1. How far, in degrees from 0 to 90, does helix 115-128 lean away from the longest principal axis of the Cα atoms of the chain, to the nearest 10?
2. Once you have the Cα-Cα distance between residue 3 and residue 20, take 0.36 nm times their residue separation minus that, and quote the gain in nm to one decimal.
3. Take the Cα radius of gyration of the chain and divide it by 2.2 N^0.38 Å, with N its residue count; two decimals is plenty.
4. Once you've got the GNM for the chain with C-alpha springs shorter than 10 Å, pick whichever of 102, 132, 262 has the biggest mean-square fluctuation.
5. Near residue 172, which aspartates and glutamates are there with a Cα under 16 Å away, not counting those fewer than 8 places off in the same chain?
6. Straight-line reach from residue 101: which lysines have a Cα under 16 Å away, not including same-chain ones fewer than 8 places off?
7. In a GNM of the chain with a 10 Å cut-off on Cα contacts, which of 169, 281, 146 has the highest mean-square fluctuation?
8. Compute the helix-to-body angle for 53-65: its Cα long axis versus the longest principal axis of the chain, expressed 0 to 90° and rounded to tens.
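Readers should treat all values here as calculations from the given coordinates under stated rules, not as data from a laboratory. This is a predicted model, so every value here is computed, not measured. Glycine also receives a Cβ, built like all others from the backbone with ideal geometry; neighbour counts cover every protein chain displayed.
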Amino acid sequence: MTKVEEARDALSKIIDVGSKKNLMELGWIKNVRVLVPRSIITLALPSYANSQRDRIVKEIRNTLLNFSDINDVQIEIDNASQPDGGSEDSGPNLQAINGIKKIIAVSSGKGGVGKSTVAVNIACTLAKLGLKTGLLDADIYGPNTPSMLGVSDESPKVYGSGNEQRLIPIFKHGISIVSMGFLIEEGQPVIWRGPMLNTIIRQFLYQVEWDNLDFLIVDLPPGTGDAQISLAQSVPIDGAIIVTTPQQVSLQDSRRGLAMFKQLGVPLLGVVENMSGFIPPDQPEKKYEIFGKGGGQILADEHKLPLLAQIPIEISVVSESNKGIPIAIGDPQSLSAIVFKELAQFITK
């Protein structure tokens with residue numbers, strides 16, 4: 001598998017026609033990342049080099065596509081260019097959010113594993129434990145948390161303009177909520193590429209009145225794309241939780257997600273196995289492992305991580321969620337709610 005060092009070495013062959021120095025030396029190419037089969041770099045050209053941009057972009061793409069396991073190259077443009085040539089890539093400059101003590105990301109390798117359910121219930125449980133908690137729905141393309149929390153019809157207040165614009169979160173079930181779902185009509189698709197997505201995520205992080213939180217839970221979209229990278233390169237994340245199911249296909253995708261967070265330097269708290277077995281409401285002593293078993297433990301063992309929780313399938317999880325009430329709120333005596341409480345308590349340690 002292509003390594004970052006190999007990509008950087010190849011990119012160092014690209015030369016500025018004026019100074020005859022390579023772009024890595026000048027610091028015009030920054031934040032080289034390789035997340036096979038994708039490679040992502042940041043291009044920061046000084047204004048006097050803009051005439052070379054098309055040629056440089058083409059050479060970057062061709063250089064990286066020469067690696068046999070890379071078939072997608074994403075180039076992010078840093079408009080805060082360096083007038084004096086810059087310096088060597090020193091990695092992303094993380095900026096903490098004033099008033100937020102800890103940021104926990106909840107992610108999954110694929111969709112449909114119940115990641116948002118886990119994120120929502122962790123947030124609600126932390127609030128029940130007396131901690132000021134926010135929930136950022138960073139799943140820009142599929143924002144589900146407003147409906148899961150019963151606030152789909154609400155709109156956050158916005159004041160100011162430009163960089164001074166501020167958004168006041170919706171407050172429900174003890175948590176402050178921000179989601180793309182508040183800003184678009186139901187069923188409206190979000191067709192955005194990397195730079196626009198990066199911008200909205202940064203606005204959700206830094207232009208929201210979060211009001212001194214103990215925890216901000218971030219519900220990430222599935223996969224290993226722009227949202228995860230933008231978050232990891234914007235704020236210091238205190239820990240990431242990977243959600244999977246017992247199925248082998250889920251494990252394959254989760255492995256890629258784990259590898260991405262490791263490469264981005266994000267601390268991994270552990271694995272949560274969702275849908276670990278169906279518990280019939282009339283026979284609570286029974287458990288049917290309809291999606292197999294052991295997948296979460298296998299994934300955790302492979303990466304020397306703890307298996308934080310095994311969350312069962314219970315009808316009340318679905319029925320309460322359809323009403324806009326998370327299971328941690330609607331049925332606190334259920335096994336799922338008890339597991340979420342244990343998970344939240346682990347996060348607070």
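1. 70
2. 3.5 nm
3. After normalising by residue count via 2.2 N^0.38 Å, the value is 1.07.
4. 262
5. Qualifying aspartates and glutamates at Cα under 16 Å: 137, 153, 154, 209, 211, 320.
6. 132, 349
7. Most flexible of the set in this elastic network: 281.
8. Long axis of 53-65 versus the principal axis of the chain: about 60 degrees.
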